[in-house]
Structures are given as structure tokens and as C-alpha cells.
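Here is the structure we will look at, set down as C-alpha cells.
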Amino acid sequence: MVANSMVVRILQRDRAEWRRPVKKLAVLVGSALVAASLLAGCATAQDVLTSKEEGTAVVYAVAPSRAFDIAVQVLREDGVTLIEQHRSEGYMLTTFDASFVAVWVDADQGGSLVTVRSKRLTPLSILGFLESTFHDDFRRVVEGKGRPAVMTLAE
């Protein structure tokens with residue numbers, strides 16, 4: 001009887017010691033999987049540039065060179081400081097709040113087709129760039145209604 005209880009105590013102690021490293025390993029693997037899934041959802045500048053067809057496009061009755069200038073103006077007045085401009089290729093790239101933003105300007109039957117595409121930097125980003133607000137601001141400038149409205153989360 002004494003021998004049995006000693007064996008049981010030894011087995012329980014060994015099982016407890018064996019479980020600690022397994023639990024640590026399970027937590028480590030679980031954490032790695034969560035981190036990998038979050039990072040896999042992060043947008044890159046290339047993701048935005050290759051998704052032009054998913055953007056919001058509107059035709060404006062202004063020349064492409066003027067449309068490009070208006071797009072830069074709208075972005076700057078909404079707080080963007082750095083804009084990577086590729087005028088000869090007809091697009092610009094920037095970040096706004098927690099989003100990558102690309103704007104393309106293409107000639108379109110006497111006017112300009114302006115396409116805006118944004119993607120959040122991470123899937124957990126709460127803030128984001130609103131393509132519709134960009135076009136509202138762009139339209140105000142084209143119509144001569146003054147400074148564009150500032151983008152807010154309430155819109």
C-alpha cells in the first residue's frame with residue numbers, strides 16, 4: 001500500500017513537471033499564430049497600387065494636370081504632409097491616419113478620371129481614409145466652393 005502511494009505521488013509530480021513546459025509551449029505557439037495572422041493582414045503600398053480597379057472613380061470636367069494639382073491640394077489641406085508624386089505616370093501615393101492612399105489621374109474625354117484607393121495599414125486600425133470624402137472635397141474645389149472640408153470620423 002505504501003509503495004503504491006509513493007508511485008502515485010512520483011507520477012503526479014512527474015506529470016506536473018511535464019505539464020509546465022507543454023503549457024509554455026502552447027502559449028508561445030498560440031501567440032506566434034496570433035501575431036502572424038495580424039501581420040498577414042497588414043496593407044503595403046504595393047497592395048494599394050495594385051488595387052486601382054477597386055478604388056472610387058469619378059470623372060471631373062478639368063484637365064488632367066489641373067486634376068493632379070487639385071488632388072495634391074485636397075490631400076495637403078486634409079493634413080497630409082508627404083506625398084510621393086509620380087505626375088508622369090499619373091498617380092500619387094501617401095499615408096493618411098492609418099491608411100495607405102493612392103490617387104490616379106487619367107485623361108477622360110475632355111476631362112479627368114480621378115480614382116482614389118485606400119487600404120488600412122493594419123486590420124486593427126480604427127481610423128481610415130474615406131475615399132468618398134476625398135471626392136466631396138475634390139468636387140468643392142472644382143466647383144470653386146473654397147477650402148475642402150476636413151475629414152472626420154463622423155462622416
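The values are calculated or read from the model by the stated rules, or taken from the named source; none is laboratory data. Keep in mind the model is a prediction, meaning the values are calculated, not measured. Please note: Cβ atoms are built from the backbone with ideal geometry, for glycine as well, and neighbour counts cover all protein chains shown.
Inspection of segment 42-50 finds no residue satisfying the criterion of being hydrophobic (A, V, I, L, M, F, W, C) and either exposed (fewer than 12 other Cβ atoms within 10 Å of the Cβ) or at pLDDT 90 or above (or both). Considered as a group, the residues in segment 67-86 that are modelled with pLDDT of 95 or more and among the small types (G, A, S) include one that is farthest from the chain's Cα centre (by Cα), and that residue is A67.
Which members of segment 87-131 meet the condition of being in a loop (DSSP other than H, G, I, E, B) and either touching a Leu at 6+ places or on another chain (Cβ under 6 Å) or modelled with pLDDT under 85 (or both)? The answer is D97, A98, L121, T122, P123, L124, S125, I126, L127, G128, F129, L130.
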